[in-house]
Amino acid sequence: MNRYRVPIVAAVVVVFLAIGAFLIFANQTKGGAKVTINATVSKGTSMSPGTWTAHHNDIVTVNITSDMDGEVHLHGYDIPFETKAGQVVTKTFTADKTGDFPIEWESTSTPLGHLVVS
Ligand SMILES: [Cu+2]
């Protein structure tokens, strides 16, 4: 028997374990990605897209364009977007809370959609 065989097999096993551990670790740390959401609000009554999605700890940038002045309010994160007709309002935040968070046209409490952080 080749006396180098055992160390070689051991080295191969170690490499495979390291790759496996890396892949498991990479999966567990999913999140932290940069996510951009471009939303359009019409007449303070509807929004497209109505559902915003992100993973836990993603860095979320939201660009909202409204055809009316007013406030779009993201509940849970409690972020107000003060819109001016025809202008883009941009806010960036870390999705550090999981759940389903309502988004509304604040002055009339009209539901526009929701943010889902999984
Ligand atoms: Cu509100």
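The values are calculated or read from the model by the stated rules, or taken from the named source; none is laboratory data. Just so we're clear, the structure is a prediction, and the values are computed from it rather than from any experiment. What goes into the accessible areas is simple: the full protein's heavy atoms, side chains included, and nothing from ligands, DNA or RNA. Shrake-Rupley method; radii C 1.70, N 1.55, O 1.52, S 1.80 Å.
Brief remarks on what is shown
- In straight-distance terms, cross-link reach from Lys43 covers every one of the aspartates and glutamates whose alpha-carbon lies under 20 Å from its own, apart from those fewer than eight places away in the same chain; here that gives Asp67, Asp69, Glu71, Glu82, Glu104, Glu106.
- Mean accessible surface per residue for the range 34-117, computed with a 1.4 Å probe while every protein chain stays in place, in Å²: 50
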